[in-house]
Amino acid sequence: MTLAAHPAMPYAAAMSSRPTALILTAAGINCDHELVEAFELAGAEAVPVHLTRLIREPDMIDDFDLIGLPGGFSYGDAIAAGRILATMLSGHIIDHLRAAIDRGVPMIAPCNGFQIAVQAGLLPGPWGEAPARTEAALLENDGGRFVDRWVQVEYPRSRCVWTQGLQSAGAAAMLPIAHGEGRFHASDETMRRLEDDDRIAVRYAVDDDPNGSRGRVAGICDHTGLVFGLMPHPERYVSWKQHPMWTRLDEQCDDTPGLQMFHAAVAHVQSAGVTAP
Amino acid sequence: MSLHRVEVRPRAESGDPRGRAALAAIKSSGQFPCPSRVDTASVYLIEGDFDDTLVQQIADALLSHPVTDEAVIGSSSPRSEALIEVHPLPGVMDPDADAVEVAIESMTGKTVKVRTGCRYDMHGIDEDAGVRIASSCLANPLIHDVHRGPEHPDTFPIGHAHDMSVHEVPMIDLDDADLTTLSRDTHLFLSLDEMRAVQAHFRGRGSEPRDIELETLAQTWSEHCVHKTLKATVEYQGDLPVGKSIPDSERLPDGRLRINNLLKSTVAAATHQLMDEGLSSWCLSVFVDNAGIVGFDEDHAVCFKVETHNHPSALEPYGGAATGIGGCIRDIIGTGLAAQPIAATDVFCVAPLETETVPEGCLSPRRILSQVVRGVRDYGNRVGIPTVDGTVWFDAGYIGNPLVFCGCVGVMPRDRTHGDPQAGDHIIVMGGRTGRDGIHGATFSSAELTDTHADEFSHAVQIGNPITEKKTLDAIMAARDHEDGCLYSAITDCGAGGFSSAVGEMGEHLGADVHLDRAPLKYEGLTPTEIWISEAQERMVLAVSPERIKALVAVCAEHEVEWCDLGVFGTPDRELVLHYAGEEIGRLSMDFMHGGVPDRVREATWTSTEPEPAGTREPDIAVTLHALLAHPNIASKQDIVQQYDHEVQGRTMVKPFVGPSGIGPGDAAVMTPVRGSDRGLAIGTGLATGWCEDPYLMVLAALDECVRNLVCVGADPGRIAVLDNYCWPGCENPERMGQLVRASLGCYHGGLAYRTPFISGKDSLNNQFTTDTGETIRIPPTLLISGFGIVGDISRCLTMDAKSAGNMLVLVGDTTAAVGGSHLVRIASDSPGSRELPVTDLQAGPATAKAVALALAGGIVRSAHDPSEGGALLAAAEMAFAGEIGLVIDAEAMRGDHESLAVACFAETPSRYLLEVDPSDIPALEKTLGDIRYSVIGRFQSEPRVTMGDVLNSSLDELRASWQSGLTI
């Protein structure tokens, strides 16, 4: 699938039985192809839409059942990773995104998407009545370098709809990371509230924290459990052959943990449903 | 209009990794009083029609993070005696500033100009020391200004208008001496013969050349663009490989061999012979396009190109390497009707990192390597191309002239592999703006470096903007796969020579009518000639029929990509006609541009050198093994590779590092170019610079190594295509020309023997550095073989990490006693073994590759690894610690019929494989190998040690530690 515009597609897709996923693309976004593939493998119809078009036609967002903010280096990560795209979203389409969440639309934001989501105030999101604000950050890795490797992660009990199936698994599993600014940072107060409200969805395993994150936080969700941001790349782990050790694994029949996340969100949409605007 | 300054620094609790990195860089340079601490802040200079409240708003909402940063309007008070700032020079690409401009304009609706910089408060040193440190550790004077104190000008410098008038260059009446001077002083770098040809042409025309005409010829005729040397006729004196033919050559009366067009008679000849023998349906495009193309599956083709960017990387390693990979990615986008880049490779050759004395005009090897890695990382990662394969080679000869090879692989639909511009098509340029940066890159890269080049050629150095490239790539993919069909009839990239080469090549058979004043500029003041030859990055040239321009423009708008209409392809007399502001400023016939280069006859001689006598002292096996594991050529490159995103796009099925803890050195990477398909593409390299004593054997070994790397992960040896990248220490003298002939013959005979067509290549022949004292430092002759091969089904892929205790370790192939050029001799010069270079057996090598591939496909091999640098024992140890499984080696089986055990362990004989096999599968393996020699040399064990009789007993942790200690950057 290329980034070509698909003028009629969202509307047509909305008619079909498969849930539709909006994949945001923009200058420097570069993990959109694999995110599209992950949603498609999970039974959704994924449509990449460029930011310029979304700003022109924000109402288009109302037609989708799922949303993906892909990874990459949006606008070159100038100033700080995800900062400029977050400013663009806040300035132009944030209300439509919030409305989508209110409709029950699950949203996944890996890597750069996570960096964008926290700066746009989508994560950790509102606390009760208090309006959402920027209260977390993803800072330069402790090592001061970009790192690409696979890390052990845990899925604590949380309200995140994307990791429901994985929380019971208990044992640490692997996910790929590839980032230079992934060190999760928040105030003691925010950290406590995240814990108390079950919003910490992914943690790096003890001794396998690649960036020095507070509380080994690798991913969090908002109060609805719908919006899920994480530094690892589940969309790069939808086939067992993407696992770094697959040549020594026995034949695997079930879905990879990465693909399970997308299945969970698609299933959530199909059962709980997404209300029309 | 006013110019505001905003300073953003991390709050104390957020930490300052940039400050720590700066401190580390200063420490590692070891030549300065080290500050006790370095605090950094980002500086934004914003020129626009704003009041302070708006600036405050921008600072709070855009430039700083409420939780982690503090922003100051203006400048905060000094925190130390040494307050130094580093800012890019005016005109130097500043990608962050471009992005900030976009953001501010979207926020405020006002247009702004932004520049960025970095503030360093260095504690515990004085300002002068701070300036010296900044200038040599934190900045490069070629692209940066170093300021004392906060930089806050009243306004940005603006480009001042140049004299736009066109000059005639009097040359018709010049004598040879003056022609030579003219060529050098105006950086044409044309030989006297070529200057004479140019002179004759303009005498014929009856008027002096205009400067832009002369420049166009210099660009088009540069070594970089036409490979004059490799295409020359060669008269070769010296031994020839026994029993091997050379096409299109004849014996001269005096016994010398005359080879017409060296490249055509060797590298290309192998390919065309193989195509005649059945590979023609697989090789879809060879040597003609920006990359070579072969078939992948029924609907798709894959292409591969490897470029070098040596000279720019010598002067400004970060920008040089970044624009190197950027240019190679554009080659792939500019292949056929555009391919999607899916993987990148990189190979670096630098001087040993501990080198202490560095000649005037050179950067330290450590700085070059770390900056080159950063450059590839920042550009490749941002464009989203996984860097999946590469290596680093160290040799003192690279001190003044490091080598930076950047490769890129792409995938495309089979119906998009060829493009042809049509008469009447418009010349559409997409992507970056044109600036003064990168002028004379093509001619510069064809010249030798001297200690004054940093000053003379600073304009050839540039910084890229990967996001511009990514946007352009996205737009071009959308235009290629447009619902109305491909929106253009041909595409190429703007590389060396800029517009002059791109338009000149596309218009070769049509002519082109060009209006240079239509090109969008980064800043005012460029002369028409500068616009024409600027090598500013991230520009693609497309041929678009008039009725499709509208649709293309819409695609550009959606992807925020700038474009311009430079003119039209097709003129009555197939001429290149250049206009500026309505006035004709240049006119050349395409025939003379592309056919006027005088043929050259080059002398080449070769005398084989007598090998040194063998040493006599048998080295300690364990000590030697650990020393070899830690040799920088062999040691783990994890420090480098982990900085590359080698998994973006989610196609990397066999990754650079393998095994349970992800530290094993994979032989090659395997990608899945087509989503949803299990058909794979293995990507690997071979380099045997250590054997440059005889470039013929060097090339055969490199090719053999490349094939082994690909076969070890599961590639079909019958479907491997390769690329040649020559980097030579100059070719003016007959001996070095003779080495070039030997290497080319290696490509010919090797390519035929292994049935691996060469599909693309590149040469960089003037890699030598002349110091201020007049000494010339030459690189060793270097020829990189890059290859990719089809993997029928990736579920058959293997990795090199040992899989289970109880399995046998089998060494396939013969080990000879020749250890010339080996790493054993490098670290233990008095060890036994003949100093002859190992000879690649052109019968056994391909046969073994085929048999091993059969064994892998038959599923009787659990892991496979190729013993090359360091030899069989070292490769066996790698398999063990990569798999976290112990290994007992049978010393006598390892020794075979060798007198010296060390020779048997560490010889680098080509065409050998190490295979892990279940004992019950040994008979099946023997059957598959037929008459190919093999021996069972060990058995994997659960105890985590590698032992061999009483000469080796090391824990896996010890071996791994040695291997991981050898190279840190």
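The values are calculated or read from the model by the stated rules, or taken from the named source; none is laboratory data. The shown structure was predicted, so the numbers you read here are calculated from the model rather than taken from an experiment. In this analysis, Cβ positions are derived from the backbone assuming ideal geometry, glycine residues included, and neighbour counts consider all displayed protein chains. SASA here: full protein model, heavy atoms, side chains in, ligands and nucleic acids out. Shrake-Rupley method; radii C 1.70, N 1.55, O 1.52, S 1.80 Å.
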Original post:
Which pairs have Cβ atoms under 6 Å, sit 6 or more apart or on different chains, and link a residue in the range A:17-30 that is within 13 Å of another protein chain (Cβ to nearest Cβ) and closer than 11 Å to A:LEU51 by Cβ to one that is buried (at least 24 other Cβ atoms within 10 Å of the Cβ) and of a type in the set (Phe, Trp, Tyr)?
Top reply: A:ALA27/A:TYR75; A:GLY28/A:PHE73; A:GLY28/A:TYR75
Original post:
Would you call A:PHE64 open to solvent by less than 10 Å² (accessible area, probe 1.4 Å), more than 12 Å from chain B (Cβ to nearest Cβ) and in contact with an Asp or Glu (Cβ under 9 Å, 6 or more places away or on another chain)?
Top reply: no
**OP:** Looking only at the range B:20-29, decide whether some residue is within 14 Å of chain A (Cβ to nearest Cβ), more than 36 Å from the chain's Cα centre (by Cα) and of a type outside the set (Val, Ile, Thr).
**Re:** no
Original post:
Which of the residues spanning the range B:30-50 are at pLDDT 90 or above and either open to solvent by 20 Å² or more (accessible area, probe 1.4 Å) or more than 18 Å from B:ARG115 (Cβ to Cβ) (or both)?
Top reply: B:CYS34, B:PRO35, B:SER36, B:ARG37, B:VAL38, B:ASP39, B:SER42, B:GLU47, B:ASP49
**OP:** Enumerate the helices (runs of 4 or more DSSP H) found wholly within the range B:1-119, keeping only those where 2 or more residues are in contact with a Phe, Trp or Tyr (Cβ under 8 Å, 6 or more places away or on another chain) and farther than 29 Å from A:THR190 by Cβ.
**Re:** B:17-29, B:95-108
Original post:
Within the range A:250-258, is even one residue within 14 Å of chain B (Cβ to nearest Cβ) and closer than 13 Å to A:ILE177 by Cβ?
Top reply: yes
Original post:
Looking at the range B:63-86, which of the residues that are hydrophobic (A, V, I, L, M, F, W, C) and closer than 17 Å to B:CYS118 by Cα is nearest to the other protein chains (Cβ to nearest Cβ)?
Top reply: B:LEU63
**OP:** Among the candidates B:ARG196, B:ARG210, single out the residue that is in contact (Cβ under 8 Å) with a residue 60 or more places away in the chain and touching a helix residue (DSSP H, G or I) at 6+ places or on another chain (Cβ under 8 Å).
**Re:** B:ARG196
Original post:
Which ones in the range B:626-658 are more than 18 Å from A:TYR237 (Cα to Cα) and not in a loop (DSSP other than H, G, I, E, B)?
Top reply: B:HIS626, B:ALA627, B:LEU628, B:LEU629, B:GLN638, B:ASP639, B:ILE640, B:VAL641
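Residue-wise test of (1) within 14 Å of chain A (Cβ to nearest Cβ); (2) surrounded by 24 or more Cβ atoms within 10 Å (Cβ to Cβ); (3) over 30 Å from B:THR607 (Cα atoms); (4) touching a helix residue (DSSP H, G or I) at 6+ places or on another chain (Cβ under 9 Å).
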residue	(1), (2), (3), (4)
B:ARG675	yes, no, yes, yes
B:GLU693	no, no, no, no
B:ALA702	no, yes, no, yes
B:ALA715	no, yes, yes, yes
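Report whether or not B:SER822 is small (Gly, Ala, Ser), closer than 30 Å to B:ILE885 by Cβ and in contact with a Phe, Trp or Tyr (Cβ under 7 Å, 6 or more places away or on another chain).
Judged against the criteria, B:SER822 is a match.
Every residue, every condition in (1) among the hydrophobic types (A, V, I, L, M, F, W, C); (2) surrounded by 16 or more Cβ atoms within 10 Å (Cβ to Cβ); (3) touching a Leu at 6+ places or on another chain (Cβ under 7 Å), yes or no:
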{"residue": "A:ASP142", "(1), (2), (3)": "no, yes, no"}
{"residue": "A:ASP148", "(1), (2), (3)": "no, yes, no"}
{"residue": "A:VAL151", "(1), (2), (3)": "yes, yes, yes"}
{"residue": "A:ARG159", "(1), (2), (3)": "no, yes, no"}
{"residue": "A:THR163", "(1), (2), (3)": "no, yes, no"}
{"residue": "A:LEU166", "(1), (2), (3)": "yes, yes, no"}
**OP:** Among residues belonging to the range B:238-269 that are outside any strand (DSSP E or B) and of a type in the set (D, E, K, R), point out the one that is most open to solvent (accessible area, probe 1.4 Å).
**Re:** B:LYS264
Subject >> Residues (open to solvent by 10 Å² or more (accessible area, probe 1.4 Å) and outside any strand (DSSP E or B)) located in the range B:418-438 >> reply: B:HIS418, B:GLY419, B:ASP420, B:PRO421, B:GLN422, B:ALA423, B:GLY424, B:GLY432, B:ARG433, B:ARG436, B:ASP437
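Every residue, every condition in (1) assigned to a loop (DSSP other than H, G, I, E, B); (2) open to solvent by less than 10 Å² (accessible area, probe 1.4 Å); (3) more than 14 Å from chain A (Cβ to nearest Cβ), yes or no:
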{"position": "B:GLY787", "(1), (2), (3)": "no, yes, yes"}
{"position": "B:MET800", "(1), (2), (3)": "yes, yes, no"}
{"position": "B:THR815", "(1), (2), (3)": "yes, no, yes"}
{"position": "B:LEU837", "(1), (2), (3)": "yes, no, yes"}
{"position": "B:THR848", "(1), (2), (3)": "no, yes, yes"}
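Which of the residues belonging to the range B:324-381 are small (Gly, Ala, Ser) and in a loop (DSSP other than H, G, I, E, B)? Can you show your working first?
Step one: list which residues in the range B:324-381 are small (Gly, Ala, Ser), which gives B:324, B:326-327, B:334, B:336, B:338-339, B:343-344, B:351, B:361, B:364, B:370, B:375, B:380.
Scanning the range B:324-381 gives B:GLY334, B:GLY336, B:ALA338, B:ALA339, B:ALA351, B:GLY361, B:SER364.
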Original post:
For B:ASP128, are the conditions met, namely being at negative phi, facing another protein chain (nearest Cβ under 10 Å) and of a type in the set (D, E, K, R)?
Top reply: no
Original post:
Within the range A:249-277, how many residues turn out to be part of a helix (DSSP H, G or I), in contact with an Asp or Glu (Cβ under 7 Å, 6 or more places away or on another chain) and surrounded by fewer than 21 Cβ atoms within 10 Å (Cβ to Cβ)?
Top reply: 1
Subject >> Residue that is surrounded by the most Cβ atoms within 10 Å (Cβ to Cβ), among those in the range B:907-936 that are of a type in the set (Gly, Ala, Ser) and assigned to a helix (DSSP H, G or I) >> reply: B:ALA924
**OP:** Consider only pairs whose beta carbons are under 7 Å apart and that are at least six residues apart or on different chains; among these, list those whose first residue lies in the range B:859-884 and is crowded, with 24+ Cβ neighbours inside 10 Å and whose second residue is basic (Lys, Arg).
**Re:** B:SER863/B:LYS803; B:ASP866/B:ARG708; B:PRO867/B:ARG912; B:ALA872/B:ARG912; B:PHE881/B:ARG960; B:GLY883/B:LYS803
**OP:** From B:VAL411, B:VAL388, B:VAL383, grab the single residue that is open to solvent by 10 Å² or more (accessible area, probe 1.4 Å), of a type in the set (Val, Ile, Thr) and either closer than 19 Å to B:ALA344 by Cβ or in contact with a Gly (Cβ under 8 Å, 6 or more places away or on another chain) (or both).
**Re:** B:VAL411
Original post:
Which ranges mark the strands (runs of 3 or more DSSP E) fully within the range A:77-164 that have 2 or more residues being within 14 Å of chain B (Cβ to nearest Cβ)?
Top reply: A:136-139, A:147-154
**OP:** Quick one: B:ARG436 ticks every box in (1) within 14 Å of chain A (Cβ to nearest Cβ); (2) modelled with pLDDT under 95; (3) farther than 20 Å from B:ASN310 by Cα except a single one, so which number is it?
**Re:** (1)
**OP:** Taking the residues in the range B:618-639 that are of a type in the set (D, E, K, R) and open to solvent by 40 Å² or more (accessible area, probe 1.4 Å) as candidates, determine which candidate is nearest to B:LEU353 (Cα to Cα).
**Re:** B:ASP639
**OP:** Could you tell me whether the range B:537-559 includes any residue that is modelled with pLDDT under 95, more than 14 Å from chain A (Cβ to nearest Cβ) and open to solvent by less than 10 Å² (accessible area, probe 1.4 Å)?
**Re:** no
